[in-house]
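Okay, structure first, notes after.
The values are calculated or read from the model by the stated rules, or taken from the named source; none is laboratory data. Since the model is a prediction, treat every value here as computed from it, not as a measurement. Heads up, the Cβs are rebuilt from the backbone with ideal geometry, glycines too, and the neighbour counts pull from every protein chain shown. The area values use the complete protein model at the heavy-atom level, side chains included, leaving out ligands, DNA and RNA. Shrake-Rupley method; radii C 1.70, N 1.55, O 1.52, S 1.80 Å.
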Amino acid sequence: MNDIIYASAKSMAQAIQDKDVSAVELVDAHLARIEEVNPALNAVVMLAAERARTEAAEADAALARGESKGVLHGVPFTLKDSIDTEGVVTTGGTMGRKDYVPAADATVTARLRAAGGILLGKTNTPELTFAGETDNLVYGRTNNPFDLSRAPGGSSGGAGAIVCCGGAAFDIGSDTGGSVRGPAHYCGITGIKPNSGRVPRTGHVVPHGLGALDSLTQNGPMARYVEDLVMIMPIISGPDWSDPFIAPVPLGNPADVEINGLRVCFYTDNGVRTPTAEIMAAVRSAAAALGEAGATVEEDLPRAIPENPDISDILRQGDGQAGARRMLANYGTTETHEWMTRQLAKSSESIVPVGDYTAVLERVDAYRSALLGFMEHYDVIVCPVSSFAALPHGESMEDRNRAGMNYTATYNITGWPSTVVRAGTSPDGLPIGVQVVARPWREDVSLAVAQYLESALGGWQRPPL
């Protein structure tokens, strides 16, 4: 039972169907692992242990009758604390919701449970998911499983940490500027930001319907193995008749994608913040592996990319944080985390007149158009996730390091799918991921390439914890 917690969710599901392991045994093994590592990590902030055990017993009884709920029958998972869970406290990392118990599941929660998945508990996130480090006033900070003095990233840092350690088969994070992909990189797992319009945000603490900002935030799975992202994406995708921005676009099958013949572009430096030598080497190793598999590989950089920090900051902060203030007020939060307090205090400096803001919206569309024109010549872009591996606590929120996380934000602006997979190790023994970006709506290509790189470069490795 010690090894099965490190298996893929797909393998766990098959083992349950084959009756090699029971759902009860699997849930108990994961809860034991959480109990073992969570005091050091502070990744899982709310457990639903008794309900999970009850549901596992019901899953085993159903299987004995020849019944199965779906592809996740009996598989235990956690969820980021920004995603609503019926009957289980969901804080979104903000004090106004510290005792909030949703009456209904978020769409992604309901779909996973309908497919037979068993919720173990909730994972930590910064306040309203608005930071690159996972810390809040409700639960405190989360630590990186490879070095407890370092951060696991944000805002899905709790998810990244516990999945890496075998405390959950998978988690669902959310990503507005890199909040799935950053923690995947810093914690050495895999995760995908789906295409904008693919997965409903209904029941997420940052709601759908945010106008110019709406396309930025996506929910996406995080796991140790790419095959689990492939399994989970069809479950959580598609219209829910609530999120008005979800489109009924067919989801391709990564198994149908041939690496041989793909046109791959890679870059190691986006012209905003140069990564460490080891990160650049990991990107080059990934590009070389794809070349050896028959892909056509070129080094190139879209000329528009260095504009991203400017337009991204204005797009998100040009209202003087009025949107964030509305959310805090709606949730009844009066005391905010230090980082949020600093951002609100600087809000008057960031206010942009309406005419200037609409001009920025025009720049955003021009930026998207320029990158789309660039992508006409390629199927995939391989690039860094961040300029650095996991940083000591607090440093990721310093202005001097924020630009280092711009590699992911580019593809929140375009809305394109992007998968992160481990491809190297820093001199300090920290994971290094690479980002695999595909054309609009081609999650199948992004996942297929990531799965190939996982096999070629090693993928997830067990942490020392």
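Here are a few things to note about the model shown:
- Arg402, sole failed condition from (1) open to solvent by less than 10 Å² (accessible area, probe 1.4 Å); (2) more than 18 Å from Ala287 (Cβ to Cβ); (3) in a helix (DSSP H, G or I): (1)
For (1) outside any helix (DSSP H, G or I); (2) of a type in the set (Phe, Trp, Tyr); (3) closer than 21 Å to Ala110 by Cα, each residue gets a yes or a no:
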| site | (1), (2), (3) |
| --- | --- |
| Lys19 | yes, no, no |
| Leu31 | no, no, no |
| Met46 | yes, no, yes |
| Gly66 | yes, no, no |
| Val71 | yes, no, yes |
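- Residue in segment 319-337 that is part of a loop (DSSP other than H, G, I, E, B), open to solvent by 20 Å² or more (accessible area, probe 1.4 Å) and among the acidic types (Asp, Glu) present: yes
- Listed by position, the strands (runs of 3 or more DSSP E) contained in segment 196-300 that have at least 2 residues being touching a Cys at 6+ places or on another chain (Cβ under 8 Å) are 296-299.
- From Ala62, Ala48, Ala52, residue being free of Cβ contacts under 8 Å to residues at least 24 places away in the same chain and surrounded by 15 or more Cβ atoms within 10 Å (Cβ to Cβ): Ala62
- Residues in segment 300-343 that are polar (S, T, N, Q) and within 29 Å of Ala287 (Cα to Cα): Asn308, Ser312.
- Breaking point among (1) open to solvent by less than 70 Å² (accessible area, probe 1.4 Å); (2) within 25 Å of the chain's Cα centre (by Cα); (3) touching a residue at least 60 places away in the same chain (Cβ under 8 Å), for Ala370: (2)
- Enumeration of residues in segment 55-98 that are more than 24 Å from the chain's Cα centre (by Cα), of a type in the set (Asp, Glu) and within 22 Å of Ala159 (Cβ to Cβ): Glu55
- Gln451 of a type in the set (S, T, N, Q), in a helix (DSSP H, G or I) and open to solvent by 10 Å² or more (accessible area, probe 1.4 Å): yes
- Subset of segment 149-195 (residues that are within 19 Å of Glu454 (Cβ to Cβ), part of a helix (DSSP H, G or I) and not charged (D, E, K, R)): Ala159, Gly160, Val163, Cys164, Gly182, Pro183, Ala184, His185, Tyr186, Cys187
- Of all residues making up segment 70-104, the number that are open to solvent by 30 Å² or more (accessible area, probe 1.4 Å) and not hydrophobic (A, V, I, L, M, F, W, C): 6
- Taking residues in segment 106-128 that are within 17 Å of His30 (Cα to Cα), and partners anywhere that are in a helix (DSSP H, G or I) and open to solvent by 10 Å² or more (accessible area, probe 1.4 Å), the pairs with Cβ atoms closer than 6 Å and at least 6 places apart or on different chains are Ile118/Glu55.
- The listed residues are Asp240, Asp256, and the only one of them that is over 24 Å from Lys10 (Cβ atoms) and modelled with pLDDT of 95 or more turns out to be Asp240.
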